[in-house]
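The values are calculated or read from the model by the stated rules, or taken from the named source; none is laboratory data. Computed from a predicted model, the values in this text were never measured in an experiment. Here Cβ is always computed from backbone atoms with ideal geometry, including for glycine, and neighbour counts include all displayed protein chains.
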């Protein structure tokens, strides 16, 4: 199978499916758990997709978010905003059309974003 080319064209940042693939691939590489994508295009004017994943601890959540942040900046896709990186229990990365939530198990269970947004979800891994 041919390798997936996720490098942006010079001067043109990744968008849509390419951006989503870039995010999910990076989350899988750092061993994020239970990656879920939600299509919220009809529910929110702020984002087209939500990506929700879990880390095994606050430290792992921070590591996942930092890894994605570094990879995104290297690819010329700086996030519009970052929240919760210092605490680590729930880190939010605003990647423009995709918002990434990295949560510890306790926060994820308590806030239950999948049910809150209950759009078309796609589980990537278990």
Check: Quick check: anything in the stretch 21-33 at pLDDT below 75, surrounded by 13 or more Cβ atoms within 10 Å (Cβ to Cβ) and assigned to a loop (DSSP other than H, G, I, E, B)?
Finding: no
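Go through the stretch 43-126 and tell me which strands (runs of 3 or more DSSP E), entirely inside it, have 2 or more residues that are in contact with a helix residue (DSSP H, G or I) (Cβ under 7 Å, 6 or more places away or on another chain), under 24 Å from residue 21 (Cβ atoms) and at pLDDT 90 or above. Spell out how you get there, then give the answer.
Numbers: elements: 49-55, 81-83, 90-94, 98-104, 120-123.
The strands (runs of 3 or more DSSP E) meeting that bar are 49-55, 90-94, 98-104.
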